[in-house]
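Please read the structure below before turning to the comments.
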Amino acid sequence: QVQLVESGGGLVQAGGSLRVSCAASLRTFSPSVMGWFRQGPGKEREFVAAFSWRSLSTDYAASVKGRFTISRDNAKNTVYLQMSSLKPEDTAVYYCAAGRSHSDYPVMYDYWGQGTQVTVSS
């Protein structure tokens, strides 16, 4: 059974910071990569960041590079997305996902959480 549960979303002012978490229960699946995606109002789901367990490397979308940081706590089976210098255009539902290989495309990920809302006010 695989379960991903996001938390930590909320309302923040532009320029502020927020950390969202993804607690993973991965009894029957060993992902090679954990990713964060987001979907804003009227927009398609887009890649935000990913962490590769295999290479211990990270990858970020150009729009968040330098502002967002993905990290993990192995003991807690939790992946985090630290977001700083937030902008109104970062407003979206943020999803974590688990997959077999890194990709910017949502379809390549096998399991998804339910999402957590992040709203950035101007």
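The values are calculated or read from the model by the stated rules, or taken from the named source; none is laboratory data. Since the model is a prediction, treat every value here as computed from it, not as a measurement. Here the Cβ positions follow ideal geometry from the backbone for every residue, glycine too, while neighbour counts run over all protein chains shown. Surface accessibility is based on the protein's heavy atoms, side chains included, excluding ligands, DNA and RNA. Shrake-Rupley method; radii C 1.70, N 1.55, O 1.52, S 1.80 Å.
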Formal net charge of residues neighbouring Val118 (Cβ-Cβ distance under 15 Å; K, R +1; D, E -1): +2
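In the range 16-107, what trypsin sites (Lys or Arg not before Pro) fall in a loop by DSSP, with at most 16 other Cβ atoms inside 10 Å?
Filter output for the range 16-107: Arg27, Lys43, Arg54, Lys65, Arg67, Arg100.
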GNM top mover of Val64, Val20, Val107 - the chain, alpha-carbon springs below 10 Å: Val107
Mean Cα-pair separation over length for the chain, i.e. relative contact order, pairs under 8 Å, 6 or more apart, %: 36
Accessible area (Å², per residue) of the chain, counting only protein heavy atoms and a probe of 1.4 Å: 53
